[in-house]
Amino acid sequence: MIKFFMKKTYNVYHFRINMKPKFLILIIIFSSCDLLKDDQIINNINEPQLPIQSQLIEPEFNEIIYSTHILFEWKQQQFANTYSIEICKNSDFSNCEINETSSSLVKIITNDLNWNTEYFWRIKVISESHNFDNWVDSSKFRIGEKLGNAYTNIYNSNSQNDFTIYGSFFDFYSAAIDAVGNEIWNTGNSQFVFYSMNSNGKLFGSQYSPHLENNLPGIEFNSRNEIIWQEPNDHFLHHELIQLPNGNYMGIVEESKYGPIPAGGSWTPQFQGIGYVADGETIEFRWVGDRIVEWDSETGAEVWSWSTFDYFTMNDYDIHGGTWMEAYQANRYDWTHANALAFDENENTIYISSRHLSRVSKIAYPSGALLWNMGIELGSGDIDFGNNLQFSFQHSLQILPNKNIVILDNGNLSQSLFGTDYPISRGLEIQINNNKSAEIVWEYNLPQNLFGFASGNVQKLENDNYMITTVGDGGTSLEVNSENEIVWEGKYNLTLPAGAVYRAQRIKGLFAGNFSLILPKEINFNENTLNKSLIDDELEFLVKNESNYKETFQFDISSTDNFLTTQLIEFELSPEQIEIIQIPVNQTDNNNITFSVSTTPINHPYLGKSHLINVTSEGTNNSQNIIMEK
């Protein structure tokens with residue numbers, strides 16, 4: 001199922017849809033309030049009302065935002081070199097907390113904004129050629145309530161000073177904190193549970209939906225808590241949703257088949273006591289395995305799948321972890337309990353973690369061939385290597401550029417495997433050798449109070465430190481350096497049940513795909529027209545990456561009557577980087593010309609911007625805002 005929506009931002013309709021955006025007609029009409037006298041303008045500003053044609057885009061009028069890091073965006077104004085932005089708690093804009101400037105159409109504010117507070121904001125044009133004393137427009141928004149009770153301890157300045165995002169089962173919310181523990185974002189009342197963020201800043205997770213049979217549909221969402229894409233929900237998706245390089249989505253869903261109840265286990269008499277044969281041969285009990293599914297990003301149709309029932313044998317099952325006793329209570333056997341996926345684009349391979357088999361497997365894509373199994377030998381002989389690693393009931397997968405694998409060894413079987421007095425969870429980096437052997441190249445043993453019986457993850461950071469997340473002690477993340485010294489600690493204070501943080505991840509920021517498209521100064525933004533007589537030989541466009549992540553942009557321009565040469569340009573921009581695009585103009589006598597220009601962030605196409613401009617031989621380009629000139 002494709003999730004798409006049309007979001008009205010005053011007079012501009014942004015079509016947020018997970019495909020190449022269509023051109024939009026953007027018509028800017030200067031509000032009649034600009035004709036009022038100064039005292040009337042002041043009175044109007046004292047209590048902003050929803051304008052007919054607002055010049056302010058985000059935050060939306062009266063919007064409730066669940067973040068103290070906020071992106072402000074407005075429409076391009078005539079004669080502007082830079083813009084002044086004020087953000088105040090008072091509607092009369094007295095004693096403003098924030099006064100900033102921006103040379104583009106976006107400003108991200110990350111300081112001095114507080115939870116559960118209403119704010120008013122406005123912009124003013126700063127021009128080298130004109131003097132504007134009045135403010136263009138004003139609006140208001142509210143920051144909602146914080147959700148978490150996290151705090152941090154910093155033990156060493158060598159920690160990676162970014163933000164940490166985490167998802168909570170079964171409180172069903174997600175939040176992000178800064179290095180010193182301030183909550184900077186949460187999911188409000190949307191009940192999104194964070195799974196992961198990819199390198200393009202895309203967020204993946206699930207939405208708790210108790211009214212649905214499959215009550216945790218997998219989603220892609222953004223920091224505005226908008227659902228960008230949702231899987232069809234035909235099956236129960238759990239633990240993981242990722243996006244492939246081809247744009248399709250991949251996740252793990254449950255699949256059931258009937259099989260035998262193994263004989264000779266401590267559970268066998270109990271099953272026999274309620275009427276089962278439990279002889280290890282009779283097909284009589286429901287086994288729940290897993291299926292990897294790929295969905296088409298536009299249609300939601302299933303286009304590829306891989307089943308554990310086709311490649312694993314029922315002769316392999318957990319003996320010592322208590323899963324068969326749980327099956328006796330639940331009337332179903334949770335056989336594989338896959339909990340993580342990773343896709344290697346260079347090799348076209350998939351890695352899958354099967355928790356209850358204490359196994360990590362590598363699969364060829366798209367053939368589905370099982371390349372190897374790594375983990376504890378369970379009797380079938382299907383394990384290729386890794387019995388020496390002794391990890392059990394593991395979570396998470398991170399595939400490093402050198403093909404090493406980083407996991408959290410939850411260690412549910414560690415007492416029997418290592419003969420310890422208490423169970424131990426470990427962070428591991430595993431090197432896979434060419435001769436199909438494996439060795440641990442980094443290991444960190446969590447203390448007893450941080451044992452994580454469920455969920456959790458490990459992330460190797462850009463500074464080569466590791467962040468280990470566990471349900472232990474109410475939900476905890478530890479950042480440790482290469483000498484295994486703790487340099488940072490995050491405490492999430494989760495209570496239901498036993499600190500059930502699902503995963504946490506260190507991220508650069510909340511904003512992905514955001515950008516400014518600055519049109520040529522010759523355009524009349526009031527009338528959406530361009531006077532041919534004002535053009536020399538070319539028009540200049542500017543694209544600035546306003547996000548926290550590297551992004552590839554597609555710039556598309558075309559016109560009638562060959563006024564402009566049709567061009568489709570792709571370029572990659574790092575955060576804050578600018579691309580200047582100069583388009584040659586072909587002069588023509590035709591006075592009925594239009595040209596369209598659109599810019600789309602490839603990884604976040606719903607944020608694309610499009611304009612349709614009428615080219616004329618009449619009119620001037622100094623009408624907008626001239627009434628405000630002193």
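Every read-out reported here was derived from the displayed coordinates using simple, explicitly stated rules and does not represent laboratory data. Every value quoted in this text rests on a predicted model; they were computed, and no experiment measured them. Cβ coordinates were reconstructed from backbone atoms using ideal geometry, including for glycine residues, and neighbour counts include every protein chain displayed.
Listed from fewest to most Cβ neighbours within 10 Å, the set Ile399, Ile261, Ile430 follows the order Ile399, Ile430, Ile261. Label-to-label distance, Phe170 versus Glu284, with points set 7 angstrom from Cα along the beta-carbon direction: 3.1 nm.
In this simple spin-label model, placing a label point 7 Å from the Cα along the Cα-to-Cβ direction at both Asn182 and Asn131 gives a separation of 3.8 nm. Take the Cα of Glu462, step 7 Å toward its Cβ, do the same at Gln448, and the gap between the two points is 4.0 nm.
Could you tell me which of the pairs Lys75/Lys508; Lys403/Lys436; Lys362/Lys403; Lys140/Lys550 are separated by over 20 angstrom between their Cα atoms in the structure shown? Write down the numbers at each step before the final one.
Details: Lys75/Lys508 27 Å; Lys403/Lys436 13 Å; Lys362/Lys403 12 Å; Lys140/Lys550 31 Å.
From Lys75/Lys508; Lys403/Lys436; Lys362/Lys403; Lys140/Lys550, over 20 Å: Lys75/Lys508; Lys140/Lys550.
Stretched out fully, how many nm does the piece from Asp112 to Gln431 gain, at 0.36 nm a residue minus the Cα gap?
110.3 nm
Among the GluC sites (Glu not before Pro) in the stretch 293-377, those placed in a DSSP loop whose Cβ has at most 12 other Cβ atoms within 10 Å are Glu345.
Starting from the stretch 268-340, pick out the chymotrypsin sites (Phe, Trp or Tyr not before Pro) whose DSSP state is loop and whose Cβ has at most 15 other Cβ atoms within 10 Å.
Working: sites: Phe271, Tyr276, Phe285, Trp287, Trp295, Trp304, Trp306, Phe309, Tyr311, Phe312, Tyr317, Trp324, Tyr328, Tyr333, Trp335; in loops: Tyr276, Phe312, Tyr317, Trp335.
Of the chymotrypsin sites (Phe, Trp or Tyr not before Pro), not one in the loops of the stretch 268-340 has a Cβ with at most 15 other Cβ atoms within 10 Å.
What 222 nm value per residue comes from the helices of the chain, counting each DSSP H run with n ≥ 4 as -39,500 (n - 2.57) and dividing by all residues, nearest 500 deg cm²/dmol? Please report the intermediate quantities before stating the final value.
Numbers: 5 runs with 32 residues, N = 630.
It comes out at -1000 deg cm²/dmol, rounded to the nearest 500.
When you restrict to C-alpha pairs under 8 Å that are six or more residues apart and normalise by the size of the stretch 144-200, the relative contact order lands at 35 percent.
Could you give the dipole magnitude of the chain about its Cα centre, charging the beta-carbon of Lys and Arg +1 and that of Asp and Glu -1, in debye to the nearest 20? Walk me through the numbers on the way to the answer.
On the way: 38 positive and 78 negative charges, 136 e Å.
The dipole of the chain has a size of about 660 debye.
The calculated FRET efficiency for Val441 paired with Ser305, based on their beta-carbon distance and R0 = 41 Å, is about 0.75. Proximity of backbone amide H atoms, modeled 1.01 Å from N, is registered between Tyr249 and Leu244, Trp295, Ser297 at under 5 Å, excluding neighbours fewer than 5 places apart on the same chain. Extension gain for the segment Gln582 to Tyr328, taken as residue separation times 0.36 nm less the Cα-Cα distance, is 84.4 nm to one decimal. Evaluating 6.51 cos²θ - 1.76 cosθ + 1.60 at θ = phi - 60° for every residue in the stretch 346-360, the Karplus couplings come out as 5, 9, 6, 10, 10, 10, 9, 9, 10, 4, 6, 9, 6, 9, 10 Hz, glycine and proline recorded as x. Near the amide H of Val615, within less than 5 Å, lie the amide hydrogens of Leu530, Ile593, Thr594, Phe595, all on another chain or at least 5 residues away, with H placed in the peptide plane. Rounded to the nearest 20, the size of the Cβ-charge dipole of the stretch 81-240 about its Cα centre is 180 debye, with Lys and Arg at +1 and Asp and Glu at -1. For the pair Asp421 and Asp536 in one chain, pulling the backbone fully straight at 0.36 nm per residue adds 33.3 nm over the alpha carbon distance. Label zone of Thr566 (point 7 Å out along Cα→Cβ, amide N under 20 Å): in the stretch 514-557 this covers 539, 554-557. Per residue, the convex hull spanned by the alpha carbons of the chain comes to 168 Å³.
The mean sequence separation of alpha-carbon pairs under 8 Å and at least six residues apart, normalised by the residue count of the stretch 225-266, gives a relative contact order of 29 percent.
When you restrict to C-alpha pairs under 8 Å that are six or more residues apart and normalise by the size of the chain, the relative contact order lands at 12 percent.
Set the Förster distance to 60 Å, then compute FRET efficiency between Asp234 and Asn590 from the Cβ-Cβ distance, nearest 0.05. List each step's numbers first, then the result.
Values: r = 54 Å, r/R0 = 0.89.
Once rounded, the FRET efficiency stands at 0.65.
Could you check what % of the DSSP bridge pairs in the chain are antiparallel, to the nearest 5? For the chain, the DSSP antiparallel bridge percentage is about 95.
I'd like the distance separating the alpha-carbon centroids of the stretch 274-343 and the stretch 185-201, in whole Å. Cα centroid of the stretch 274-343 versus Cα centroid of the stretch 185-201: 28 Å apart. With 10 Å bins beginning at zero, the pair-distance distribution over Cα atoms of the stretch 439-555 amounts to 11, 27, 19, 13, 10, 12, 7, 1 %.
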